[in-house]
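As structure tokens, the structure follows; a few thoughts come after it.
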Amino acid sequence: TLKNVLCWADGAADKTVEIKGDATLRNVTAYGGTEAGLRVVGYDICACDRFTVTLINTIVWAPLSTDLSITSDLPDVTIKPTYSSYRTVDAVEEGADMRIIKSATNQTKAGMRPRFIDAGAGNFRALAGSPVIGKGVDAAANGPRDLDGRPRETGDRTDIGAYEYSPPSTTITGGP
């Protein structure tokens, strides 16, 4: 299980996260480089007949590649994303059964891409107006705090990704 984690492959780097068995990603931001943001791999070296990867409140984005890549030549692979943000999927099947269990709670359309403060500089906190703000599912399993130590469930609902949105503080230093 990965929870409240930022995984970042910068520029020409390899894939961000590679999974080869049962796993849960909860409140994770996986930002890919030239390969997938999340790569799920099943090969005959796996000691299992099938495995499931569950994504909850997770952002998977690879601006230079496919967000989610699934490759399997033996075990059956099931991907179960809910309340998550990803768009592109590349699945290569060679004798295995691969399933993505889709949910209406996911953000999969081009216009639903998360907007970050400055992804190029490694700041993956949500920018005001980002579609991931308040779109996650509230659950005790999310943990009480985000990656910055801010309380989860700030605002109406938990945000998708490793960070909860924090509006910029405003200070009035003078008057009329």
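A short reminder: the numbers here are calculations on the coordinates, not readings from a lab. Note that the structure is predicted; figures quoted are calculated from it, not measured. FYI the Cβ positions are ideal-geometry reconstructions off the backbone, even for glycines, and counts take in every protein chain you see.
Points worth noting:
- Mean projected area (nm²) of the alpha-carbon convex hull when the chain is viewed from all directions: 11.8 nm²
- Backbone amide hydrogens, once placed in the peptide plane, bring Thr105 within less than 5 Å of Tyr83, excluding anything fewer than 5 places away on its chain.
- On the beta carbon distance between Thr173 and Ala110, with R0 = 45 Å, the FRET formula returns roughly 0.65.
- Two-site label geometry, Asp22 and Asp138: point separation in nm, points 7 Å out along Cα→Cβ: 3.0 nm
- Placed amide H near Glu18: partners under 5 Å, 5+ positions off or other chain: Arg39
- For the stretch 109-122, Karplus couplings with θ = phi - 60° (6.51, -1.76, 1.60), whole Hz, Gly/Pro x: 8, 3, x, 9, 4, x, 10, 10, 4, 6, 4, x, 9, x
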